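Novice: Got a structure for you, questions after.
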Amino acid sequence: MKQARHDKSIPRDIRISEFQQKLDHLKSKHQAEDVRLNAKSKMINGLGLNWKDLVILSLVMIFTTFYNVNANAQNSHKSTAINFDDISSGMMMEFNQSTGEYHSLKLVQTEYDVDVVGLLATVNLRQTFFNDQDAWISAAVYAFPMAEKSAVYQLKMTLGERVIEGEIHEKHDAEQIYEQAKSEGLTATMVKQYRPNIFTSEVANIEPQEIINVEISYQMRLDYLQDFYQLRLPMAIKERYIPADTMADLPITTNVSDQNYRMIDVNLTAGFDLFELRSLHHNVDIIQQAGRHLITLKDQQLYDNNDFVLRWYPTLEQTPQVAYFSEQQAGYNYSLLMVMPPHQVSKSSQLRNITYIIDTSGSMHGKALDQTKNALLFALSQMDDSQYFNVIDFDSYARSLFTSSQAATPDNIVRALDFVDGFDANGGTNMAPALQIAMQRENQKSGYLNQIIFMTDGAVGNEARIFDQIAQDIGDARLFTIAIGPAANSYFMSKAALFGRGTFTHIAALDQVNESMGRLFSQLSQPALTDVAVTWDTPEVEQSPRYITDLYLGQPLVITTKTPINNPTGKSTDPGSFVVSGFSADREAINHPQKSWSQQIKLNNNQHTTGIARLWASNKVAEMTDDLMLGGDQAVLKDDIIELALAHHLITEFTAMVAVDRNPDASRMARARAAQQVPFPQGSLGWRWNLLVGMLLISLAWMVNRRWDRSLLNSNAK
Amino acid sequence: MKPKMINNHAQAITFGAKVAPKAWSTPWTILGLKLITAALLFVGSWQVGSSAYLLAKAHYAQYLIANAWQATLEDGQPHKPWDWADTFPVAKLSFPTLAETSYVLEGASGRNMAFGPARSISSGMPGDSVATVISAHNDSHFNFLGKVQLNDLIEIETIAGHFTYQVSDLRIIDSSRQQVTIKRQDELILTTCYPFNALQTGGTMRYQLTAQRVKSGSDKP
């Protein structure tokens with residue numbers, strides 16, 4: 001800086017002469033190439049850039065040439081393309097073959113017709129879409145998000161005279177039907193699952209201004225959450241999918257009063273007295289009649305984005321409540337039996353003997369073990385001395401805290417806390433010895449509810465041998481399995497729990513281990529009804545699930561059965577009956593804390609319910625699929641599954657739904673009339689940009705050269 | 001002019017003094033600067049050269065294609081414009097109002113469109129009852145397409161004869177959402193990129209011109 005100021009102070013003419021000297025000097029010293037200085041180049045030097053700037057600038061320019069920034073790459077319309085993961089309700093989408101993008105068609109009407117029987121919801125959804133373009137749509141896809149534990153059994157799409165219907169066939173046949181239809185140029189699609197819970201079916205050649213009706217029927221098992229049942233019907237179409245300011249100008253408006261007209265009718269037979277019934281987000285009319293509730297959506301033209309959620313709270317009594325539904329089909333009586341636990345069970349009412357088995361192998365290291373320890377420490381600290389317990393940890397070897405289960409006295413609990421606190425994750429996963437110790441006589445107490453709680457994140461080797469071991473030694477104990485983390489062998493764990501007449505809990509997210517275990521431990525501390533049994537007065541009872549678990553607080557029991565209508569006694573007028581029994585906790589009788597409970601239920605055939613047969617069949621298929629994996633007779637089981645699936649319209653491992661064209665002639669006509677479409681070819685050579693960049697780079701090169709000459713000149717003058 | 005020059009000298013000298021003077025004279029700096037200059041010159045000339053090449057190709061190929069079309073008209077057989085070509089001219093397209101003429105190649109691939117307008121193979125030919133789709137680049141053979149107006153006439157010559165079309169529709173389409181609809185009627189669809197005179201390319205917007213067949217006296221059936 002000092003020098004700079006000094007330079008400025010030099011009179012102009014001296015500086016000019018100085019410059020001339022430098023120029024001469026340079027001329028003598030360097031060759032002609034260096035002496036291209038002229039008046040113009042001096043002016044360019046006046047830009048005041050230093051060489052670092054020039055290097056950076058030139059690098060940026062070079063980079064830009066190679067990285068062809070495409071100004072149009074991020075066009076606004078792209079946001080309207082639909083990602084399948086965003087689909088939250090039934091949607092008909094146009095598929096653009098050139099870009100591979102999906103765009104939604106206008107939804108005109110949605111109609112939900114729902115029948116709820118206990119925890120079984122049969123949903124009939126009708127949706128109407130409209131192609132508001134003046135162009136044919138050559139390929140479209142109908143997509144519907146399925147809730148967990150739901151199964152589609154019927155699908156029908158109507159476009160003018162064309163009817164496309166889903167049919168269940170054995171997989172091999174379905175593929176043949178599909179291939180044949182395809183070779184004839186007809187619309188036929190395999191009904192696919194894009195991801196586990198999105199159901200899709202394709203349709204081709206939609207006319208301009210055509211109306212498409214989709215009818216889909218599915219069955220859904222509702223979950224009992226804490227103290228209520230909930231039915232959720234997906235409604236939300238994400239905001240951006242609704243085309244802005246496009247009012248429908250429908251050609252057919254006679255029975256459509258709004259572009260988003262919707263109707264929801266729910267026919268609810270809860271099976272229990274209801275304490276409360278409400279819709280979370282919408283105004284509804286509720287009519288009560290003879291054990292049924294008819295719920296109707298009030299504002300049919302108001303289409304908001306909230307899912308329709310209906311909740312009902314059964315009134316909980318002091319004794320278990322039984323709900324029973326039946327359906328008759330093809331000479332058989334299908335029944336759905338639900339047992340609701342009583343509303344409150346005091347903690348100490350049931351004598352319990354708990355054996356905790358904890359996996360402390362190397363893979364549990366970190367969060368998994370820390371959280372498991374926390375949950376376990378809390379559970380131990382909650383025990384009182386009426387209960388017995390033991391703790392076993394295992395990695396490559398099993399170690400148990402006590403040689404036999406001990407009363408939960410304060411001393412013993414302190415010892416257990418120390419034992420658990422000292423867990424350290426290392427070694428392999430060898431679970432068989434640990435299970436063996438837990439099932440030994442020393443660790444089981446008669447007259448007590450023996451609960452074995454087994455926690456692991458590991459995979460299991462010789463599964464079949466361990467199942468055998470459990471089946472043989474479990475006695476009257478209950479085995480509860482908890483799988484931790486995504487890598488755990490859920491199949492083994494759920495099966496083990498089934499053999500052990502307990503439950504299976506999968507905790508996939510490691511940060512929820514503590515919370516989920518805590519909830520399970522507290523539930524297990526409140527058994528409501530144990531040794532549940534269902535006894536029929538008819539033979540040939542096919543019950544699913546085969547093993548009945550105990551009833552805990554906040555967890556209803558669900559059993560489906562199939563029985564022949566004409567029982568062998570010949571008394572065809574007697575519809576038969578069955579008895580549900582078990583032991584419930586009794587807080588008054590201290591010496592006899594268990595009290596037997598039973599209820600007889602007469603079958604009645606007057607109820608007009610549907611879907612129970614299908615529910616029974618899908619439970620049965622699930623069981624048989626498990627058997628298959630356990631090494632059951634492949635051929636027999638496969639045939640049985642296919643037979644059941646075809647009879648009850650189920651999509652299974654061996655059956656598939658294929659959408660078949662019911663009116664091939666109409667489809668052929670549509671195809672012939674459909675204008676062919678080709679993607680637009682490219683539209684420019686793109687020489688302009690290259691030319692501009694090239695010229696810029698050449699002028700930059702020129703500038704760098706000038707700058708260099710000038711600097712050399714300066715330094716040589718010093 | 002002179003005082004300004006002096007002023008600039010002063011700045012230049014000041015600047016030279018600010019930066020450590022020694023650094024400029026080391027052989028490494030000189031080499032570095034030489035390399036940068038060379039790299040810039042190389043990439044720059046390459047860019048200019050490639051755009052010049054594209055334009056030259058587009059322009060001069062038409063002469064060869066014109067010759068091939070003449071040969072085709074004479075013997076009715078397809079002729080390749082040059083030996084290694086995998087396409088051949090199928091029509092001569094003229095816009096009388098703008099005095100523009102070009103020769104249409106078969107197959108609207110990017111490679112063919114570098115040499116001239118090209119016909120989509122899945123579309124029809126003039127005289128058929130299926131639309132003819134011809135595309136070209138908006139910075140070469142169809143750079144005038146934006147100047148074509150409604151009701152202008154477009155003439156097209158094929159082996160089947162002369163056909164006249166009248167422009168009935170001009171529109172801009174988003175090619176990521178829509179495709180060219182080939183209707184079952186004798187019409188001519190010309191497409192090119194939109195916007196015209198854009199520096200950058202590769203966008204999704206297309207300019208589409210639709211012209212309906214006019215049965216004029218000069219038409220041969």
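Novice: Picking from B:ALA99, B:ALA136, B:ALA118, which residue would you name as being of a type in the set (A, V, I, L, M, F, W, C), surrounded by fewer than 16 Cβ atoms within 10 Å (Cβ to Cβ) and modelled with pLDDT of 90 or more?
Specialist: Working: B:ALA136 fails: surrounded by fewer than 16 Cβ atoms within 10 Å (Cβ to Cβ); B:ALA118 fails: surrounded by fewer than 16 Cβ atoms within 10 Å (Cβ to Cβ).
It is B:ALA99.
Novice: Mind telling me which of the residues A:SER404, A:SER400 ends up being of a type in the set (S, T, N, Q) and surrounded by 18 or more Cβ atoms within 10 Å (Cβ to Cβ)? First the steps, then the outcome.
Specialist: Working: A:SER404 fails: surrounded by 18 or more Cβ atoms within 10 Å (Cβ to Cβ).
Of A:SER404, A:SER400, the one residue that is of a type in the set (S, T, N, Q) and surrounded by 18 or more Cβ atoms within 10 Å (Cβ to Cβ) is A:SER400.
Novice: Would you say A:SER279 is farther than 19 Å from A:GLN230 by Cα and surrounded by 18 or more Cβ atoms within 10 Å (Cβ to Cβ)? Let's see the steps before the verdict.
Specialist: Values: farther than 19 Å from A:GLN230 by Cα: no; surrounded by 18 or more Cβ atoms within 10 Å (Cβ to Cβ): yes.
No, not satisfied.
Novice: Then there's this: Of everything in the stretch A:507-551, what is charged (D, E, K, R) and not in a loop (DSSP other than H, G, I, E, B)? Give them in sequence order. Show your work before the answer.
Specialist: Step one: list which residues in the stretch A:507-551 are charged (D, E, K, R), which gives A:511, A:515, A:519, A:531, A:537, A:540, A:542, A:546, A:550.
Those that are charged (D, E, K, R) and not in a loop (DSSP other than H, G, I, E, B): A:ASP511, A:GLU515, A:ARG519, A:ASP531, A:GLU542.
Novice: Would you check which residues across the stretch A:281-332 are of a type in the set (S, T, N, Q) and under 26 Å from A:TRP616 (Cα atoms) and list them?
Specialist: Pass one, the stretch A:281-332, residues of a type in the set (S, T, N, Q): A:283, A:288-289, A:296, A:300-301, A:305-306, A:315, A:318-319, A:321, A:326, A:328-329.
Result: A:GLN321, A:SER326, A:GLN328, A:GLN329.
Novice: Kindly check whether there is at least one residue in the stretch B:147-167 that is buried (at least 23 other Cβ atoms within 10 Å of the Cβ), without any contact (Cβ under 8 Å) to a residue 60 or more places away in the chain and within 14 Å of chain A (Cβ to nearest Cβ).
Specialist: Checked the stretch B:147-167: no residue is buried (at least 23 other Cβ atoms within 10 Å of the Cβ), without any contact (Cβ under 8 Å) to a residue 60 or more places away in the chain and within 14 Å of chain A (Cβ to nearest Cβ).
Novice: Sticking with this structure for a sec: From A:ASP173, A:ASP113, A:ASP134, grab the single residue that is assigned to a strand (DSSP E or B) and either surrounded by fewer than 17 Cβ atoms within 10 Å (Cβ to Cβ) or without any contact (Cβ under 8 Å) to a residue 24 or more places away in the chain (or both).
Specialist: Working: A:ASP173 fails: assigned to a strand (DSSP E or B); A:ASP134 fails: assigned to a strand (DSSP E or B).
After ruling out the rest, the residue left standing is A:ASP113.
Novice: Can you tell me how many residues within the stretch B:174-203 are part of a strand (DSSP E or B) and either at pLDDT below 85 or within 7 Å of chain A (Cβ to nearest Cβ) (or both)? Outline the logic, then answer.
Specialist: Residues of the stretch B:174-203 part of a strand (DSSP E or B): B:174, B:180-182, B:187-193.
Filter again for either at pLDDT below 85 or within 7 Å of chain A (Cβ to nearest Cβ) (or both), leaving B:174, B:180-182, B:191-193.
Summing the residues that are part of a strand (DSSP E or B) and either at pLDDT below 85 or within 7 Å of chain A (Cβ to nearest Cβ) (or both) in the stretch B:174-203 gives 7.
Novice: Right, here's the next one. Quick one: which residue in B:SER123, B:SER129, B:SER45 is surrounded by fewer than 17 Cβ atoms within 10 Å (Cβ to Cβ), modelled with pLDDT under 90 and either within 11 Å of another protein chain (Cβ to nearest Cβ) or part of a loop (DSSP other than H, G, I, E, B) (or both)? Quick ask: steps written out before the conclusion?
Specialist: On the way: B:SER123 fails: surrounded by fewer than 17 Cβ atoms within 10 Å (Cβ to Cβ); B:SER45 fails: modelled with pLDDT under 90.
Every option except B:SER129 fails the conditions.
Novice: OK, next. Return the only residue of B:LEU64, B:LEU73, B:LEU93 being assigned to a helix (DSSP H, G or I), of a type in the set (A, V, I, L, M, F, W, C), in contact with a Pro (Cβ under 9 Å, 6 or more places away or on another chain) and modelled with pLDDT of 90 or more. Break it down into steps so the answer makes sense when it comes.
Specialist: Numbers: B:LEU73 fails: in contact with a Pro (Cβ under 9 Å, 6 or more places away or on another chain); B:LEU93 fails: assigned to a helix (DSSP H, G or I).
Exactly one residue qualifies, and that residue is B:LEU64.
Novice: Name the single residue, out of those in the stretch A:375-397 being in contact (Cβ under 8 Å) with a residue 60 or more places away in the chain and crowded, with 16+ Cβ neighbours inside 10 Å, that is farthest from A:SER446 (Cα to Cα). Quick ask: steps written out before the conclusion?
Specialist: Start the filter on the stretch A:375-397 by keeping residues that are in contact (Cβ under 8 Å) with a residue 60 or more places away in the chain, which leaves A:375-376, A:378-379, A:382, A:388.
Still in the list and also crowded, with 16+ Cβ neighbours inside 10 Å: A:375-376, A:379, A:388.
Numbers: A:ALA375: 27, A:LEU376: 24, A:ALA379: 23, A:TYR388: 11 Å.
Out of the qualifying residues, it is A:ALA375.
Novice: Continuing with the same structure: Between B:LEU55, B:LEU105, which is in a helix (DSSP H, G or I), surrounded by 14 or more Cβ atoms within 10 Å (Cβ to Cβ) and in contact (Cβ under 8 Å) with a residue 12 or more places away in the chain? Break it down into steps so the answer makes sense when it comes.
Specialist: Values: B:LEU105 fails: in a helix (DSSP H, G or I).
Criteria check complete, one pass: B:LEU55.
Novice: Additional query: For the stretch B:34-62, how many residues meet the condition of being within 24 Å of A:LEU700 (Cα to Cα) and either out of contact with any helix residue (DSSP H, G or I) (no Cβ under 6 Å at 6 or more places or on another chain) or among the polar types (S, T, N, Q) (or both)?
Specialist: Result for the stretch B:34-62: 14.
Novice: Scanning the stretch A:177-223 for residues that are assigned to a loop (DSSP other than H, G, I, E, B) and closer than 15 Å to A:ALA151 by Cβ, which turns out modelled with the lowest pLDDT? Can you show your working first?
Specialist: Of the stretch A:177-223, the ones assigned to a loop (DSSP other than H, G, I, E, B) are A:184-188, A:191, A:194-197, A:207-210, A:222-223.
Add one more test, that the residue is closer than 15 Å to A:ALA151 by Cβ, and what stays is A:191, A:196-197, A:222.
On the way: A:VAL191: 70, A:PRO196: 53, A:ASN197: 62, A:LEU222: 87.
Once the filter is applied, the top-ranked residue is A:PRO196.
Novice: So which of A:GLY458, A:GLY475 ends up being in contact (Cβ under 8 Å) with a residue 40 or more places away in the chain and more than 16 Å from A:TYR356 (Cβ to Cβ)?
Specialist: After ruling out the rest, the residue left standing is A:GLY458.
Novice: Another question about this same structure. So A:ASN450 fits all but one of (1) under 30 Å from the mean Cα position of the chain (by Cα); (2) modelled with pLDDT of 80 or more; what number is the exception?
Specialist: Tallying (1) under 30 Å from the mean Cα position of the chain (by Cα); (2) modelled with pLDDT of 80 or more, A:ASN450 fails exactly one: (1).
Novice: Limited to the stretch A:436-495, what total is found for residues that are among the small types (Gly, Ala, Ser) and over 21 Å from A:ILE507 (Cβ atoms)? Show your work before the answer.
Specialist: To start, the set of residues in the stretch A:436-495 that are among the small types (Gly, Ala, Ser) comprises A:438, A:446-447, A:458-459, A:461, A:464, A:471, A:475, A:477, A:483, A:485, A:487-488, A:490, A:494.
From what is left, the residues that are over 21 Å from A:ILE507 (Cβ atoms) are A:446-447, A:461, A:464, A:471, A:475, A:477.
Adding up the residues that qualify gives 7.
Novice: Is one or more of the residues making up the stretch A:422-434 part of a helix (DSSP H, G or I) and either without any contact (Cβ under 8 Å) to a residue 40 or more places away in the chain or surrounded by fewer than 18 Cβ atoms within 10 Å (Cβ to Cβ) (or both)? Steps first, answer last, please.
Specialist: Applying the first criterion (part of a helix (DSSP H, G or I)) to the stretch A:422-434 yields A:431-434.
Still in the running and either without any contact (Cβ under 8 Å) to a residue 40 or more places away in the chain or surrounded by fewer than 18 Cβ atoms within 10 Å (Cβ to Cβ) (or both): A:432-433.
Yes, there is a match, as at least one residue in the stretch A:422-434 is part of a helix (DSSP H, G or I) and either without any contact (Cβ under 8 Å) to a residue 40 or more places away in the chain or surrounded by fewer than 18 Cβ atoms within 10 Å (Cβ to Cβ) (or both).
Novice: Continuing with this model, one more query. Taking the conditions exactly as written (at the interface with chain A (Cβ under 8 Å from one of its Cβ atoms), at pLDDT below 90 and within 25 Å of the chain's Cα centre (by Cα)), does B:LEU33 satisfy them or not? Break it down stepwise before answering.
Specialist: Numbers: at the interface with chain A (Cβ under 8 Å from one of its Cβ atoms): yes; at pLDDT below 90: yes; within 25 Å of the chain's Cα centre (by Cα): no.
Taking the combined requirement at face value, the residue does not satisfy it.
The values are calculated or read from the model by the stated rules, or taken from the named source; none is laboratory data. No experiment lies behind these values; they were computed from the predicted model shown. Quick reminder, even Gly has a Cβ in these numbers, built from the backbone with ideal geometry, and neighbours come from all protein chains shown.
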